[in-house]
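Have a look at the structure below before the remarks.
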Amino acid sequence: MQDYSLLWLIPFFPLVGSIINGLFGKKIRNEALIGTIGTAAIGASFVVSCTYFFKLLGDAEKIHETTIFGAMGSGTWMNVGQLQIDWGFLLDPLSALMIMVVTGVGSLIHLYSIGYMHGEEGFYRFFSYLNLFCFSMLMLVLGNNAMVMFIGWEGVGLCSYLLIGYYFEKKSAGDAAKKAFVVNRVGDFGFLIGLFLLFWSLGQKGVRTIRFTEIAANAHLLENGGTIVTIVTLCFFLGATGKSAQIPLYTWLPDAMEGPTPVSALIHAATMVTAGVYMIGRMNGLFAMAPDTMMVIAIVGAATAIFAASIGLAQNDIKRVLAYSTVSQLGYMFLAMGVGAFTAGIFHLMTHAFFKACLFLGSGSVIHGMHHAYHHAHLHDDPQDMRNMGGLRKKMPITFITFLVSTIAIAGIPGFSGFFSKDEILWWSFGSTRGGWILWVVGAIAAGMTAFYMFRLVFMTFFGEQKTDPRAKDHIPESGLTITIPLMVLGALAVIGGYIGVPAILGGANHIHHFLEPVFGQAQKLHAIEAHGSHATEYGLMGISVGIAVIGIFGAWFMYVKNPEMPKQLVAKFKWLHTAIFNKWFVDELYDAMFVNATKRAGRICWKGFDLPIIDGIVNGVGWLVRGFSAALRYTQSGQIHSYAMAMVIGAVIIVAAYVL
Amino acid sequence: MDNLMQIAMQNVNYGSIMPSLVLCIFGMALLLINVFLPRGKTTPASWIALIGLVVTAVFAARGWGDPQFGFAGHVALDKFASFSNIIFLFSAGLTILMSDEYLQREGYPIGEYYPLILFATAGAMWMASGTDMMTIFLGLEVLSISLYILAGMFRGQLRSNEAGLKYFLLGAFSTGFLVYGIALIYGVSGTTNVADIGMYLKSHPAMLGNPMTIAGMLLISVGFLFKIGAAPFHMWAPDVYQGAPTPITAFMSAGPKAAALVAFVRILILGLDGLQGDWTSLLWVLAVLTMTVGNIIAINQTNIKRMLAYSSISHAGYALVGLVAANQIGVSGILFYMLAYTFMNLGAFAVLVLAGKKGEENLTLEGFAGFGFKRPFLGVAMSIFLISLMGIPTTAGFAGKFYIFAGAIKAGYIWLAVLGVLNSAVSLYYYLRVMVYMYFKEPAEDYGWVTLHAGAVISIIISVVGVFYLGLIPGKVMEMARMALFF
């Protein structure tokens, strides 16, 4: 039995960092010091995470629970009726993997931010929020019960809001932040309802708990595949669609790109948006009992994957392409969860964290350089518009190489990390007992689109002739070391990160599968969730999906390098299609018409017709009455000692009289 | 005669009064040391007093694992007393920390100040560990007399004189009720030992309906309710609280009030258990009255010290709710709440101590305009304490109110809990108003006179930590409060 009692240190360090920078950052002023504090805080968490990760690897016992004071039973948060909630943490292979990703990628992005945010007003504020985010995210993944997870869940939402709205003086940033917050609230509502329902339904069976291990151990008390389990899991899934930007609640994520680029990389690509996937993984025993919910998840995931990919085909803003790509890749993860490929989903979560963080940070490096050049030339062009780029591979060699590597990884070319995880998802969606060939078809087509739009991005940005304004084109520098080091590390991970999950059919040992077995194995066995099919089928499918990806890449090359005029001709030919895609299928407009405006109208009616005359009237009336009463009572306090004594006597006489007489 | 001495000596057991004994020794030593300190230099005295409190805390904590009984059943240093002693020690310690610079500023660096606080604390400890009416009474008087002097300490200030004299006269008056009540109960049962009274009433149920018993219970209650500051015996409180030196006001609102409450709890639940139906109905009414009167008058106050005095009345009302419930969760809720209240109220007073000018004429709402931006640390700290006083989650005030109201609901007093929560809502108005002035009004001054003295800052930091510890992780302390119960 190993000792894991210092688990609380992992979220604790970033919390301290956040407090220090938040309270004293304005006084410190020194950017280097602020950045060091922030990075050191998350770095310390990374060190602790590594220690525990490797300890867990060598430990026969894989599931450990501790509380804030170490020993179980000593960190009671609240004790209500028969429900006891602890400040408890859970370390198992799943959370161990998550803390590695969060603290590892988090550390790199903190380091990157020192360079990227240099000279920004509110530098300290940025680092304070970023640390606070890491704290919340670590609470989310480490919580051993749903309440602690929910604190993290809300905390990351808050930090996301604060960081999207970091440039709050810009209206678009403020609006995007509000949108993210409101849309997430819809999802959070689902999460809470699901939690209450679960607590209630388990309570009916005599088990009052919200601890994950106990939920897993008692889930069998509920009816397998029954209505309750289906509704509970659907509610949780609604929560997941909000946080993880799935249909129908994905619309906030592309707008969230208003935040600084490191934020997009950390929160809106690598960590927070995967919280929904993690949550389903955490409660896999429950979800496995609801095949209907799983089917919904698989369909929503596949639909999101292809839908977002289609929008990504026609965007010109470098970060927006990546944003839709993120939504699409998250769709893959949900597809994996839906077909019961829990391990594959978490595997893809991890590889995606590497290559997508690298892509975002790379795009940040490009934007940084473009911004620098425009600033130098006193121009106000958009530094994020790919139509102003081109040929940057010579100006920014390190950014280019790491970006290219990550793009190859996301496109699913064999040998790179994305290939292994995506291929496993596709194989499961075809061969799983909960999958179907149509899911595979959708996934494979989306993979082709991914390859196309990602290489389109690479070709438009780094290849061809430079289309930047001539006054600025010679002033684009490669970024500094704090930016390029994280890029190189993440680029390397994007290549090799997949080798922990090489499937057996390619002669690999699939380490991640065995590592996560204690978390997912039981539910998969219990509900007979497995992928089966002949080796020939598996090879065949693998070949086809790689072929589709290659076609996508070739298409991008053909259209954007070989025949640069072709896209314009195509747009002219399919005007309506391009308009629809370019405008994101008008989903935002549809939501505005259906929900936003209707809600606003209802709000106006309640406000003018009910709130002002009736509620305010009552409230003001009561307030007025109390104040009047108060003024009158004040006169009893005359300051005269004999009247005080008299009041005491009268009081005592009344009391005694009331009882004795 | 020899035999009698033998018996008496056997029963002495100094272990049972060790904490208060240590305090008294420190207090008396300090009185002597004061003679040798240069005039106007009180800082060393405050350090010695603090050391005394720490040493006492060690002895007080001993009672937790190893309960001590002594003096022929007059004194018990049980878990209940130990927990209460920790509350008194915190309130005395935080008071002493914030006092030194204050005394210098106001021009009354009087050496006797610190020994008197130690004696008052010792008196409070006798009340908490008293298992005999006479011990409790003795403690009450030691406590009260020290407080009378402390309240009137600033001889040259009219308001302070008034406070001391008023408190003394009305306090003496209320003591009359208390002693009369004790005498009546003694007349019924033939004993002043609390447990024996309980046994007697249990074995003679006929005496429960006797007017003498009921009148005795009621008069004892009046005496204690006066000390707690419950309506309609609260009228001294605002005048005394406003006039007394600010740290003493802070002290009075926490430690001594807690002492009266715990002694009251012991007498009612251990001794007068048989009359529970009577005293719960009385306290039900008075709890509601106390909460309401305190809150409603507080609304119209513009002086923050006086506003906190009224708020202190309403908090006594919340605590009484736990006594009405008279069950495990309610009564342990009282212990928890008094500890929580010690932190949040003393913290708020420590901010006032720092924010005041000589004479403290500026401690009004207007005087706090824009304070939060000019003095961010104090502003944030004050906001935290006010939020806790309101009873907003994540703070100690919420957890305390939660347990007390939960106790009331469990005991079936749903309406009482509802009225309590409504009262909390009323209190939002005047607490929030301070924050409104601190953050939403244009600063009238630059608050340049405010200096962050180490002692007061330390007491603020301790209070903030306490407020958040009890608010975020209340489970552990609540568990201890439950273990501390003697029933």
Original post:
Looking only at residues in the stretch A:144-171 that are in contact (Cβ under 8 Å) with a residue 60 or more places away in the chain and outside any helix (DSSP H, G or I), which one is farthest from A:Leu90 (Cα to Cα)?
Top reply: A:Lys170
Original post:
For the stretch B:360-413, which fully contained helices (runs of 4 or more DSSP H) count at least 2 residues that are touching a residue at least 60 places away in the same chain (Cβ under 8 Å) and over 23 Å from B:Ile313 (Cα atoms)?
Top reply: B:371-374, B:376-390
Subject >> Residues located in the stretch A:27-48, provided they are surrounded by 15 or more Cβ atoms within 10 Å (Cβ to Cβ) and basic (Lys, Arg) >> reply: none
**OP:** Filter the stretch B:56-68 for residues that are assigned to a helix (DSSP H, G or I), in contact (Cβ under 8 Å) with a residue 12 or more places away in the chain and over 13 Å from B:Ala122 (Cβ atoms) and give the result.
**Re:** B:Ala57, B:Ala61, B:Arg62, B:Gly63, B:Trp64
**OP:** Hey, could you check the stretch A:501-526 for residues that are more than 23 Å from the chain's Cα centre (by Cα) and of a type in the set (Val, Ile, Thr) and say which is modelled with the highest pLDDT?
**Re:** A:Val502
Original post:
Got a number for residues in the stretch A:380-407 being in contact with a strand residue (DSSP E or B) (Cβ under 7 Å, 6 or more places away or on another chain) and either modelled with pLDDT of 90 or more or in a loop (DSSP other than H, G, I, E, B) (or both)?
Top reply: 1
**OP:** Kindly indicate which of A:Ala314, A:Ala302 is small (Gly, Ala, Ser) and either assigned to a helix (DSSP H, G or I) or closer than 23 Å to A:His527 by Cβ (or both).
**Re:** A:Ala302
**OP:** Answer yes or no as to whether B:Ala230 is among the small types (Gly, Ala, Ser), away from chain A (no Cβ under 14 Å) and in contact (Cβ under 8 Å) with a residue 12 or more places away in the chain.
**Re:** no
**OP:** Answer yes if at least one residue in the stretch A:566-585 is away from chain B (no Cβ under 14 Å) and on the phi > 0 side of the Ramachandran plot, and no otherwise.
**Re:** yes
**OP:** Check the stretch A:169-180 and report whether any residue there is in contact with a Pro (Cβ under 7 Å, 6 or more places away or on another chain) and crowded, with 24+ Cβ neighbours inside 10 Å.
**Re:** no
Subject >> Yes/no for B:Leu170 being of a type in the set (A, V, I, L, M), within 10 Å of another protein chain (Cβ to nearest Cβ) and buried (at least 19 other Cβ atoms within 10 Å of the Cβ) >> reply: yes
Subject >> Count - residues of the stretch A:532-553 that are closer than 22 Å to A:Ile408 by Cβ and out of contact with any Phe, Trp or Tyr (no Cβ under 7 Å at 6 or more places or on another chain) >> reply: 11
**OP:** Working carefully through the options B:Val465, B:Val418, find the one that is of a type outside the set (Phe, Trp, Tyr), at pLDDT 90 or above and over 24 Å from the mean Cα position of the chain (by Cα).
**Re:** B:Val418
**OP:** Determine which single condition B:Tyr102 fails, assuming it passes every other condition in (1) without any contact (Cβ under 8 Å) to a residue 60 or more places away in the chain; (2) more than 14 Å from every other protein chain (Cβ to nearest Cβ); (3) surrounded by 19 or more Cβ atoms within 10 Å (Cβ to Cβ).
**Re:** (1)
Original post:
Which of the residues that make up the stretch A:3-23 are assigned to a helix (DSSP H, G or I) and either among the aliphatic types (A, V, I, L, M) or surrounded by fewer than 15 Cβ atoms within 10 Å (Cβ to Cβ) (or both)?
Top reply: A:Leu9, A:Ile10, A:Leu15, A:Val16, A:Ile19, A:Ile20, A:Leu23
Subject >> Residue pairs meeting the criteria (Cβ under 6 Å; at least 6 apart or on separate chains; first without any contact (Cβ under 8 Å) to a residue 24 or more places away in the chain, in the stretch B:195-224; second of a type outside the set (A, V, I, L, M, F, W, C)) >> reply: B:Tyr200/B:Ser189; B:Met207/B:Thr213
Original post:
Of these, A:Val101, A:Val80, A:Val105, which one is among the β-branched types (Val, Ile, Thr) and either within 14 Å of chain B (Cβ to nearest Cβ) or closer than 26 Å to B:Gly400 by Cβ (or both)?
Top reply: A:Val80
**OP:** Look at B:Ser463 and say whether it is crowded, with 16+ Cβ neighbours inside 10 Å and within 14 Å of chain A (Cβ to nearest Cβ).
**Re:** no
**OP:** Select, from A:Val207, A:Val277, the only residue that is part of a helix (DSSP H, G or I) and either of a type in the set (A, V, I, L, M, F, W, C) or more than 21 Å from the chain's Cα centre (by Cα) (or both).
**Re:** A:Val277
Subject >> From the options B:Phe440, B:Phe486, residue that is surrounded by fewer than 18 Cβ atoms within 10 Å (Cβ to Cβ), away from chain A (no Cβ under 12 Å) and within 30 Å of B:Gly63 (Cα to Cα) >> reply: B:Phe486
**OP:** Being over 15 Å from B:Ala231 (Cβ atoms) and at the interface with chain B (Cβ under 7 Å from one of its Cβ atoms) is the filter here, so list the residues in the stretch A:629-644 that pass it.
**Re:** A:Ala631, A:Gly639, A:Ile641
Original post:
Just wondering, is there one or more residues in the stretch A:622-629 that are under 30 Å from A:Asp317 (Cα atoms), modelled with pLDDT of 80 or more, out of contact with any Ser or Thr (no Cβ under 8 Å at 6 or more places or on another chain) and loosely packed, with under 13 Cβ neighbours inside 10 Å?
Top reply: no
Original post:
Within the set of pairs 6 or more residues apart or between chains, which connect a residue that is farther than 17 Å from B:Pro247 by Cβ inside the stretch B:440-457 to a residue that is in a loop (DSSP other than H, G, I, E, B) and polar (S, T, N, Q) with Cβ atoms less than 9 Å apart?
Top reply: B:Glu445/B:Asn362
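The values are calculated or read from the model by the stated rules, or taken from the named source; none is laboratory data. Here the structure is a predicted model, which means the values were calculated and not measured. Please note: Cβ atoms are built from the backbone with ideal geometry, for glycine as well, and neighbour counts cover all protein chains shown.
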